[in-house]
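Coordinate-derived values only; no laboratory data. Keep in mind that this is a model prediction, so the values were computed, not measured. Here the Cβ positions follow ideal geometry from the backbone for every residue, glycine too, while neighbour counts run over all protein chains shown.
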Amino acid sequence: MEQTRKWMKQEGLLGDSDEVSLAGASKEIVDGDEQVRELLLKQIKISCDLHCACQVVLLHHSDCGAYKASYNFKSKEEEKQKQLEDMAKVEGIIKERFKGLNIIKIWAQMKDDNGGEVEFYKV
């Protein structure tokens, strides 16, 4: 989390923004419970309506517990591909519901087991 906040600050994504961080949020939007999906999308709507949000950052990371709990990945690459696929689906869902909203997709690759070193990539 510390590395993510540092990266967000470097990218100018902190400050005048609303932060909603929920484990497995994209997974829930794609294939989760409808009530949870609507709750997550409602947070985007509130941000748009009250604060004129113009973009959403979807940030996924390697070694994600929410994904590992639901899937039996054979490799790290298989996990990454599933998450990238879900990010693309979520982008479509958000754009369909919130016309004109810019979506930024980020992949965070953990470089060690304790999350101390992370590399961030725009997808």
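Of the chain, which part is the longest with no GluC sites (Glu not before Pro) in a loop (DSSP not H, G, I, E, B) and with at most 15 other C-beta atoms within 10 angstrom?
Between the exposed loop sites, the longest stretch runs 20-116.
Quick query: amide H of residue 18 versus all other amide H atoms, modeled in the peptide plane; which residues come in under 5 Å with a sequence gap of 5 or more or a different chain?
none
Starting from segment 1-32, pick out the trypsin sites (Lys or Arg not before Pro) whose DSSP state is loop and whose Cβ has at most 10 other Cβ atoms within 10 Å.
Loop-located and lightly packed - none at all.
Just flag the chymotrypsin sites (Phe, Trp or Tyr not before Pro) in segment 48-81 sitting in loop per DSSP whose Cβ has no more than 16 other Cβ atoms within 10 Å.
Here the sparse-neighbourhood loop sites are 71, 73.
Given Cβ point charges of +1 (Lys, Arg) and -1 (Asp, Glu) and nothing else, what value in debye, to the nearest 20, does the dipole of the chain about its Cα centre take?
Here the chain has a charge dipole of around 260 debye.
Return the ratio Rg/(2.2 N^0.38 Å) for segment 57-118, where Rg is computed over Cα atoms only.
Here the Cα radius of gyration is 1.24 times the empirical estimate.
Can you compute 3J(HN,Hα) from phi for each residue in segment 81-98, using the Karplus curve 6.51 cos²θ - 1.76 cosθ + 1.60 with θ = phi - 60°, rounded to whole Hz and x for Gly and Pro?
Per residue, the Karplus-derived 3J(HN,Hα) values read 4, 5, 5, 5, 4, 5, 4, 5, 5, 5, 4, x, 4, 5, 5, 5, 7, 10 Hz.
Set Lys and Arg Cβ to +1 and Asp and Glu Cβ to -1, take the dipole of the chain about its Cα centre, and tell me which of 40, 100, 21 lies farthest positive.
100
For the chain, what is the convex hull volume of its Cα atoms per residue in Å³?
103 Å³
Hey, can you grab everything whose amide H is under 5 Å from the amide H of residue 104? Only 5+ residues off in sequence or another chain; H modelled, so Pro and N-termini drop out.
56, 57, 58
Which whole-Hz ³J(HN,Hα) couplings does segment 62-77 yield from phi under the Karplus relation 6.51 cos²θ - 1.76 cosθ + 1.60, θ = phi - 60°, glycine and proline marked x?
Listing the rounded values in order: 5, 6, 7, x, 5, 6, 4, 6, 9, 10, 10, 5, 8, 7, 5, 5 Hz.
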